[in-house]
Amino acid sequence: MAFNRVILVGNLVAAPELKTTPNGVNVTRFRIAVARRFAKPDAEVKADFFDIVAWRTTAEFVCKHFSKGRPILVSGSLQNRNWTDNNGVKHYATEIVADEATFVDRKSDNAPGQAAPNTAPTYADTSGYEDLADDDELPF
């Protein structure tokens, strides 16, 4: 049995553009920035960038409702591609093929076409925990 599922929440790096293949199938490629879960105190939050490809109605939905900076949830599968260019150089790409895309902010937060503020997600409040100097202080 094989399992290949990716779920990401991030912000669009650029506005997606709808394109059509020679066979008449709608497609869009876009990139999202996903904030890393942990950062050192007083350090800038780092992000990883992921390439996404969406087809047909998913592509239409993304291009109609999302703009640069807007948060998006993408669910799909990881896919590798490779090709050789006209100069004989082999290229490799890893991307997420989106099965679904959806909003992660409230509709009233942004006017159509207006980008959401670029904010890092909050994961958990760890203020109630204390740092232990070494393993000798563990309570078990």
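The values are calculated or read from the model by the stated rules, or taken from the named source; none is laboratory data. Here the structure is a predicted model, which means the values were calculated and not measured. Remember, those area values only see protein heavy atoms, side chains included, never the ligands or the DNA or RNA. Shrake-Rupley method; radii C 1.70, N 1.55, O 1.52, S 1.80 Å.
Observations on the structure shown:
- Excluding ligands, DNA and RNA, the accessible surface per residue across segment 1-110 is 70 Å² with a 1.4 Å probe.
- Overall dimensions of segment 2-58, expressed as equivalent-ellipsoid semi-axes from the Cα gyration tensor (√(5λ), whole Å, largest first), are 30, 15, 6.
- Length released on extending from Arg5 to Leu78, taking residue separation times 0.36 nm less the Cα-Cα span: 25.6 nm
- If both residues of a DSSP beta bridge must be in segment 1-101, then about 90% of such bridges are antiparallel.
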